[in-house]
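Taking it in order: structure first as structure tokens, then the write-up.
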Amino acid sequence: GGAFLSSALNVLFDRLAPQGDLLNMFQKHKHHVRLLKKLKMTLRGLQIVLSDAENKQASNPSVRDWLNELRDAVDSAENFIEEVNYEALRLKVEGQNLAETSNQLVSDLNLCLSDEFLLNIEDKLEDTIETLKDLQEQIGLLGLKEYFGSTKLETRRPSTSVDDESDIFGRLSEIEDLIDRLLSEDASGKKLTVVPIVGMGGLGKTPLAKAVYNDERVKNHFGLKAWYCVSEPYDALRITKGLLQEIGKFDSKDVHNNLNQLQVKLKESLKEKKFLIVLDDVWNDNYNEWDDLRNIFVQGEIGSKIIVTTRKESAALMMGNEKISMDNLSTEASWSLFKRHAFENMDPMGHPELEEVGKQIAAKCKGLPLALKTLAGMLRSKSEVEEWKRILRSEMWELRDNDILPALMLSYNDLPAHLKRCFSFCAIFPKDYPFRKEQVIHLWIANDIVPQEDEIIQDSGNQYFLELRSRSLFEKVPNPSKRNIEELFLMHDLVNDLAQIASSKLCIRLEESKGSDMLEKSRHLSYSMGEDGEFEKLTPLYKLEQLRTLFPTCIDLTDCYHPLSKRVLHNILPRLRSLRVLSLSHYEIKELPNDLFIKLKLLRFLDLSCTEIKKLPDSICALYNLETLILSSCVNLEGLPLQMEKLINLHHLDISNTCRLKMPLHLSKLKSLQVLVGVKFLLGGWRMEDLGEAQNLYGSLSVLELQNVVDRREAVKAKMREKNHAEQLSLEWSESSSADNSKTERDILDELRPHKNIKEVEITGYRGTIFPNWLADPLFLKLEQLSIDNCKNCFSLPALGQLPCLKILSIRGMHGITEVTEEFYGCLSSKKPFNCLEKLVFEDMAEWKKWHVLGSGEFPILENLLIKNCPELSLETPMQLSCLKRFKVVGSSKVGVVFDDAQLLKSQLEGTKEIEELDIRDCNSLTSFPFSILPTTLKTIRISGCQKLKLDPPVGEMSMFLEELNVEKCDCIDDISVVELLPRARILDVSDFQNLTRFLIPTVTESLSIWYCANVEKLSVAWGTQMTFLHIWDCNKLKWLPERMQELLPSLNTLHLLGCPEIESFPEGGLPFNLQILVIVNC
């Protein structure tokens, strides 16, 4: 708590500065000025013993009580001073408005304070000073001493060794033992083996699992791998969703599915696959819940394995017989790990005195890796032997709560005051909660934990974050599947425990609060988002007038949209008048009460991102303290209030992904704005000079209606090359406009060249015939995504092949292109053209006929190729795309012809050794499809709208087995009764076959969906069918379900019948015994 006290005191001293707005406001009221100065001097006297009090509170309950009383008194003082400061800001804003209308200076205006206001302030000041004086008198009795510690920021950045994921010492035998278990087959022939890793927190269970998970032998042995952090509370639905996402089987349709549906899908996805699944940080030892979860995995291939990491011996014994018990590191391994981090930039042999003390400190860590790494991370910035000895002699080693806490407490006590504040605040995050660096920095700033300085405040916050990261207090989220795009961090469970201790319960999670006393002491609160509108959960908060932060959390933001009761907005939030931070992100909110922000006038941070809000209430303009406003992904937001310029302290505004929002002109009046994210400049209302003057643009930047730019001289005024913080740039000309001079258009686009830091560029409607050279400049080392759309006058493409980091390229609506020539690849060099490209899209290229192939290893890692609506293009020369995984052809008949010609197709696919997915749509010239010669690596085939396609007998044996086959709108197919005509597929989806009358269900199909087949009358079932899921929709003439379903479909557990009015009864013998879900609609 002392760290937060220090922060609050600094805020008060800043407010009470001699020439500050607050004291100036009282310049005619001398008695108030004297009281304010007396308050400041009393606080100074208390501040100098704060560090000593914080260090003694763990061992002296009287000091702890004194600190708690001081905190309450300082909080009260800060709140009423903030209210006074708000009044000063209000008068300042009103004064500026009056000055603009009356041509007077602000200082000339008679802005008076009411007598009632003055009397109220006087009473509060006198009461607070009296309380603080009482506390000051107790300093001597408690033996507290003055301590002036250095608050200098250590600017040492995190090193590469800290980021090394293979940072494991003394665990080689455990690693080899675990790998042997994973690679060996169970002697009893069991399909599934569970290997628990058990040990106390901080022993390195997760790093051990991670090292094995990423071992090449293990990668090559298992066809499917997934990693999921289970943590607490145990939630089967969350675990199932997470595993589906890890293996790439979770899609938008699954968002609303229940637990049973998702578990059925996961079970099907793992069936007959040899998989490795890691369930990290398991606490639950309820056998029934474990048995339900294990049943999902039992149909995998023999040799499938699950690794479970847990601190609970009971959980390990329940899950598997052969557990791996983690012991403490040996003395030698402990020293190696400690030395690796403590002596990062120096040789221990050259510092024998440090080495001697270091070995003693390492021994005190008792072989616990987390303790060793954390302490070493702290000591590596200290070169004086006395500093090391002070750690060695500390009384903290005598704490007996657990073995690791002393080392962590020593690391915490060594932090400078500003880092203590930052770290303690993070107790607000639940265990295993992944947080973003920018998110944490915003929360620090809003609570005055990062001091206000002349530099951009985010820079200080970033430095503080990196320092905590370098001390191993934050760690990157283990992300073996690379599913997360943005960098995420978390705290080890024990480090999280330390943060809770350090925050003295000022930062709590609502679910873990014990009684109203704990809640009333809290200042910063988080809670898990739910589905019930939150009113019941948040009702206890209505008394928390001192609460500063209210922060909802959701572990998985990919599926996180929740209702929020209007009673929360109207009855609970307005009572929290001390709030500095409020997040309503990811709530289904369409509007906010207009008077809400009149009550919450001390807000500094407001996050309304990913809500359904259409407009902001005008009262938001009265938030004179507001520093950060997040409106990203508010897709329904249409406008901002007209008086936004009243937000005189707004530093950070994020309006990215607000597709309906036009950037209002009055945003230029926000004089304090340092960071503007996602801005759209609509030329006509805005001028290029306005764009040039905006130096605070971050994230995405869009410049629209560029046809209004007359010439190069006007384009220069935008100063695009100076926008070094913009990462995504969109340049757009109106479709309806035409150009008089192609050279002028090229000159304009040339001057709109972005800064070299740009990551994504989109050019739409450019009116020139040739692109400027900068689009192909290899100096764009960060450019990963490029989109060129509807540039209809251009007759050639830029030489994009030499862009060194380009990963995604989309070219659409280029009607002037007839050939893609060698120029497209750029001048040949040591690097292969498009050496980093992963996805390539050509779309709506009506005149494109020829694609020149170099045959020199171009597109070496291309995985995804889409050709859409390119009707004249033919692919005659084989393209050697060795890494191609997904090939999609839509509305491009001459490309589709490739699939008619078996020999041509074979030559095209000869070099594609990794192809997994083919998607052919709306290719009317396609008459046949040679399934039997396609590569066996294929997992998914989709064919749609190929009206002339017929199924021919295969050439040779049909050996292909697909994960999914989807065939729709192919009216020449009138009979799917000969199973040999189609490849075998686990999931079969048949749709819109108007001439289909009969259907024989293949034996290997597990999931079958039949949609809109209006003339199908009969379904047949082959003996031995393994189907578990059957869905039939709008088959108007279907009269009978398959006969003998009980006998022939013994595994069927889900049956959906919708829009089949001719079905009058179930077959004789009834439905299968295993059927769990039956849905019947309009039958």
| task | Using R₀ = 60 Å, calculate the FRET efficiency as 1/(1 + (r/R₀)^6) where r is the Cβ-Cβ separation of Met346 and Lys191; round to 0.05. | result | 0.70
| the chain, dipole about Cα centre (Lys/Arg Cβ +1, Asp/Glu Cβ -1), debye to the nearest 20 | 1000
| task | Over region 724-799, consider all pairs of different Cα atoms and compute the Kirkwood hydrodynamic radius from their mean reciprocal separation; express it in Å, one decimal. | result | 12.8
| note | Extension length gain for Ile770 and Lys839 (0.36 nm per residue less Cα distance), in nm, is 22.4 nm
| remark: Lys and Arg at +1, Asp and Glu at -1: neighbours of Asn625 with Cβ under 10 Å from its Cβ sum to +1
| field | Surface/4 estimate of mean projected area, convex hull on alpha-carbon atoms of the chain, nm² | value | 49.2
| task | Just subtract the alpha-carbon distance of Glu536 and Ile48 from 0.36 nm times their residue separation and send over the number in nm, one decimal. | result | 171.3 nm
| task | Using packing as a proxy for protection, rank 602-610, 780-788 so that the peptide with the highest average count of other Cβ atoms within 10 Å comes first. | result | 602-610, 780-788
| Using 7 Å Cα-to-Cβ label points, what is the Leu1078/Tyr561 separation (nm, one decimal)? | 3.4
| With Cα atoms, 0 to 90° folded angle of helix 172-183 axis to the chain main axis | 30
| said: Using only the alpha-carbon atoms of region 176-325 as identical scatterers, what base-10 log of I(q)/I(0) does the Debye formula give at q = 0.19 Å⁻¹? | reply: -1.23
| message | Students often check this: by mean Cβ neighbours within 10 Å, which of 1006-1017, 436-447 ranks highest, and how do the rest follow? | response | 436-447, 1006-1017
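May I ask you to derive the FRET efficiency for Tyr234 and Asp517 from their Cβ-Cβ distance with R0 = 30 Å, giving the value to the nearest 0.05?
Computed FRET efficiency for Tyr234 and Asp517: 0.60.
Test of understanding: what is the full-extension gain from Leu118 to Leu488, defined as 0.36 nm times their sequence separation minus their Cα-Cα distance?
Once the chain is fully extended between Leu118 and Leu488, it gains 128.4 nm.
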| field | Paramagnetic reach from Asn288 in region 306-323 [backbone N under 19 Å; point 7 Å along Cα→Cβ] | value | 315, 318-319
| remark: For the chain, the longest principal axis of the Cα atoms and the Cα long axis of helix 437-446 enclose an angle in degrees, to the nearest 10, of 30
| Rg and Dmax of region 419-667 over Cα atoms: what are they, in angstrom? | 17.6, 50
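222 nm [θ] for the chain, helices only, -39500 (n - 2.57) per DSSP H run of 4+, per residue, to 500?
Values: 32 runs with 328 residues, N = 1083.
Estimated from H runs of four or more residues: -9000 deg cm²/dmol.
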| query | Hey, what do the phi angles of region 334-341 turn into as Karplus ³J(HN,Hα) couplings, whole Hz, using 6.51/-1.76/1.60 and θ = phi - 60°, x for Gly and Pro? | reply | 4, 5, 4, 5, 4, 5, 4, 9
| query | If you take the Cα Rg of region 281-328 and divide it by 2.2 N^0.38 Å, with N the number of residues, what do you get? | reply | 1.21
| From phi via Karplus (6.51, -1.76, 1.60), per-residue ³J(HN,Hα) for region 717-726 in Hz, x at Gly/Pro | 5, 6, 6, 4, 6, 8, 7, 6, 9, 6
| task | Report the residues of region 606-640 in range of a label on Lys590: point 7 Å along Cα→C-beta, backbone N strictly under 20 Å from it. | result | 608-618, 633-640
| If R0 is 22 Å, what FRET efficiency do you get for Ser742 and Glu823 from their C-beta distance, rounded to 0.05? | 0.75
| remark: Taking every other residue with Cβ under 14 Å from the Cβ of Arg34 and scoring Lys and Arg +1, Asp and Glu -1, one gets +3
| note | Total charge of the residues flanking Asn790 in space, meaning their Cβ is under 13 Å from its Cβ, with Lys and Arg +1 and Asp and Glu -1, is -3
| note | Rounded to one decimal in nm, the spacing of the 7 Å Cα→Cβ label points at Glu1068 and Asn68 is 8.0
| note | To the nearest 10 degrees, the tilt of helix 493-502 (Cα long axis) against the first principal axis of the alpha carbons of the chain is 20
| field | Distance in nm between pseudo-label sites at Leu466 and Asp971 (7 Å out along the Cβ direction from Cα) | value | 6.5
| field | J(HN,Hα) series, region 754-760, from Karplus relation 6.51 cos²θ - 1.76 cosθ + 1.60, nearest Hz, glycine and proline x | value | x, 5, 5, 7, 4, 10, 9
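Read the figures in this text as sums done on the coordinates, not as results from a lab. Quick caveat: nothing in here was measured; it's all calculated off a predicted structure. Here the Cβ is made from the backbone with ideal geometry for all residues, glycine too, and neighbour counts use every protein chain on show.
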